[in-house]
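Please read the structure below before turning to the comments.
The values are calculated or read from the model by the stated rules, or taken from the named source; none is laboratory data. Remember, it's a predicted structure, so these values are computed and weren't measured experimentally. Reconstructed Cβ throughout: ideal geometry from the backbone, glycine too, with neighbour counts over all protein chains shown. For accessibility, only protein heavy atoms count, side chains too; no ligands or nucleic acids. Shrake-Rupley method; radii C 1.70, N 1.55, O 1.52, S 1.80 Å.
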Amino acid sequence: MGKPDPSLIASLVAQVGEDPGREGLVDTPERTARAWAEWTSGYGVDPMSVLKTFEDGAQNYDALVFQGGISLFSLCEHHMAPFFGVAHIGYIPSGRVVGLSKLARLVDVFARRLQVQERLTVQVARALHEALQPRAVGVVLECRHLCMESRGIQRAGTVTKTSALLGEFRHEPEARAEFMSMVNASRQASVL
């Protein structure tokens, strides 16, 4: 994925009624192009490439692995407006574990694409399930969407929550309850 053409951004600045040659805006097209290249850098990354898994360290570990409050930033594909929040991810290994930093990297790969929150939630869960073949995977996203907060209905502070539960988290009430109790505990520590 390359960087957007700065001349397109200069044209947009002009179309909203501003002078792209004005001192404060003269460098805006180039800065904005660099920002969009970063915001959409997930297109150039294979999600499986960030999920280094290990058998070493998983010796007979068969309980929940959980990370909560993983910050995320994305762009709504309907309005190209930002949405942001936190991800909570858990899994029950079946012989393999993933490096802890890799969960946040996986979220970034999918979040740094034009997205809808529902798809992002499922993509993270399915990729982790494919890489580890664990007994269970759970992903909960809690996000604020500027397309809803700053335009249209204009309800600032509204939080949208989505979940994807695979394996034992979907079919075993006790496993799901343990995962959700960790999500709830993590919420108390997270700030949107």
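Where Lys and Arg each count +1 and Asp and Glu each count -1, what net charge lies around Gly24 among other residues with Cβ under 13 Å from its Cβ?
Net charge around Gly24: -2.
Output needed for the stretch 42-141: three equivalent-ellipsoid semi-axes, defined as square roots of 5 times the C-alpha gyration tensor eigenvalues, in descending order, whole Å.
25, 13, 10
If I fit a long axis through the Cα atoms of helix 117-132 and take the longest principal axis of the Cα atoms of the chain, what angle between them do I get, 0 to 90°, rounded to 10?
That helix lies at roughly 40 degrees to the long axis.
Can you sort Thr32, Thr40 by solvent-accessible area, 1.4 Å probe, largest first? List each step's numbers first, then the result.
On the way: Thr32 40, Thr40 5 Å².
Ranking Thr32, Thr40 by accessible area, largest first, yields Thr32, Thr40.
So how exposed is Val16, as accessible area in Å² (1.4 Å probe, rounded to 10)?
Using a 1.4 Å probe on the heavy atoms, I get roughly 110 Å².
Which residues among the stretch 70-88 fall inside the zone where the amide N is under 19 Å from a point 7 Å beyond the Cα of Arg151, along Cα→Cβ?
74-84
Rolling a 1.4 angstrom probe over the protein chains, ignoring ligands and nucleic acids, what is the accessible area of Asp46 in square angstrom, nearest 10?
It works out to around 90 Å².
With axes computed from alpha carbons, what is the tilt in degrees of helix 173-189 against the longest principal axis of the chain, rounded to the nearest 10 within 0 to 90?
In the chain, helix 173-189 runs at an angle near 40 degrees to the longest axis.
Accessible area per residue of the stretch 1-157 at 1.4 Å probe, in Å²?
On a per-residue basis, the stretch 1-157 sits at 52 Å².
In debye to the nearest 20, how big a dipole does the chain give about its Cα centre with +1 on each Lys and Arg Cβ and -1 on each Asp and Glu Cβ? Display every interim value, and only then the final one.
Values: 20 positive and 21 negative charges, 43 e Å.
Once rounded to the nearest 20, the dipole reads 200 debye.
Normalise the Cα radius of gyration of the chain by 2.2 N^0.38 Å (N = residues in it) and let me know the number. Don't skip to the answer; put the middle values down first.
Values: Rg = 19.4 Å, N = 192, 2.2 N^0.38 = 16.2 Å.
The reported ratio for this selection is 1.20.
For the chain, what is the calculated [θ] at 222 nm in deg cm²/dmol (nearest 500), taking -39500 (n - 2.57) for each run of four or more DSSP H residues and dividing by its residue count?
-11500 deg cm²/dmol
Taking Cα atoms, how many degrees apart are the long axis of helix 100-111 and the longest axis of the chain, rounded to 10 and kept between 0 and 90?
40
Percent of accessible area on the stretch 1-107 owned by carbon and sulfur, 1.4 Å probe?
Using a 1.4 Å probe with all protein chains present, the stretch 1-107 comes out at 54 percent carbon and sulfur.
How much of the accessible area of the stretch 120-192, in percent, comes from carbon and sulfur atoms when a 1.4 Å probe is used?
Using a 1.4 Å probe with all protein chains present, the stretch 120-192 comes out at 49 percent carbon and sulfur.
Quick one: give the max-minus-min coordinate of the C-alpha atoms of the stretch 24-96 along each principal axis, largest first, in Å.
Between the extreme Cα coordinates on each principal axis of the stretch 24-96 lie 59, 22, 22 Å.
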